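Here the structure is laid out as structure tokens; the discussion comes afterwards.
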Amino acid sequence: MTTPDSPFGSLASQTGAEYPTQDTWVYAELFNEENPAATEARQAGRQFGATPVSRGAASTLTVLAKAINARAVVEVGSGAGVSGLALFAGMQPDGILTSVDIEPEHQNAARQAYRSVGIPSQRFRLIAGAALNVLPKLSDGAYDLVLIDADKLEYPEYVEQSFRLLRHGGLLVIDNTLWHNRTADPGNNDDETLAIRDAVQAVRENEELLSTLVPSGDGLLIAVKL
């Protein structure tokens, strides 16, 4: 139920809709069981400061990859392997994941996670380096899905590169677009928040992208290239 002081109160009165409570959001986040390999990768990531996608965001990635029969996927930021495992679960059996990360520890954890579930090495390319140096070297229009989950200050540039990389009908997925409740707070103008807002606006204003913002995890912006 919305209450008079609820941030959803005004919107609810306009739409006649009820909105999730925190308990309902948690229920949705934990709706699907996480496989042991992903749980282990998530725990390993915490040891060196990696923040992988949430359980709800991971299951969303699996569904999206499956829905478009993804065979060629790029992720910017390996998340210790959690997001990669989610993508592999939805990709075609011959699909290849290209994962770009500047942190060797994160990539080593991802490699271990993939091997732990028997994913052959020829199905993933782990490229160590700064994403803005690596992405321009990848082929135009060659990818079914691009996931952005790395340096927030570079999100606008990642969006620009991702649009070039995607085929028509491909998906752009951007994690952390709600950014710990800061994106929607007009009083918050730190550099990372501003960069995320710029990225979100660039996607929303691009007439060749059809987008939606989903409150899974810390926010997933999902866009299809028309």
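The values are calculated or read from the model by the stated rules, or taken from the named source; none is laboratory data. Keep in mind it's a predicted model, so treat the numbers as computed, not measured. Glycine also receives a Cβ, built like all others from the backbone with ideal geometry; neighbour counts cover every protein chain displayed. In case anyone asks, the SASA skips ligands and DNA or RNA and just uses the protein heavy atoms, side chains included. Shrake-Rupley method; radii C 1.70, N 1.55, O 1.52, S 1.80 Å.
Beta carbons closer than 7 Å, at least 6 apart along the sequence or on distinct chains, pair a first residue in segment 195-208 that is within 12 Å of Glu154 (Cα to Cα) with a second that is assigned to a helix (DSSP H, G or I) and among the hydroxyl-bearing types (Ser, Thr, Tyr) for Ala195/Tyr155; Ile196/Tyr155; Ala199/Tyr155. Quick one: is Val82 crowded, with 24+ Cβ neighbours inside 10 Å and more than 16 Å from Ala38 (Cα to Cα)? Taking the combined requirement at face value, the residue does not satisfy it. Within segment 92-104, can you find the residues that are among the hydrophobic types (A, V, I, L, M, F, W, C) and surrounded by fewer than 24 Cβ atoms within 10 Å (Cβ to Cβ)? Of everything in segment 92-104, those that are among the hydrophobic types (A, V, I, L, M, F, W, C) and surrounded by fewer than 24 Cβ atoms within 10 Å (Cβ to Cβ) turn out to be Ile96, Ile102. Residues that are within 18 Å of Ser216 (Cβ to Cβ), in a helix (DSSP H, G or I), open to solvent by 30 Å² or more (accessible area, probe 1.4 Å) and not β-branched (Val, Ile, Thr) within segment 21-41 comprise Gln22, Asp23, Trp25, Tyr27, Ala28, listed in sequence order.
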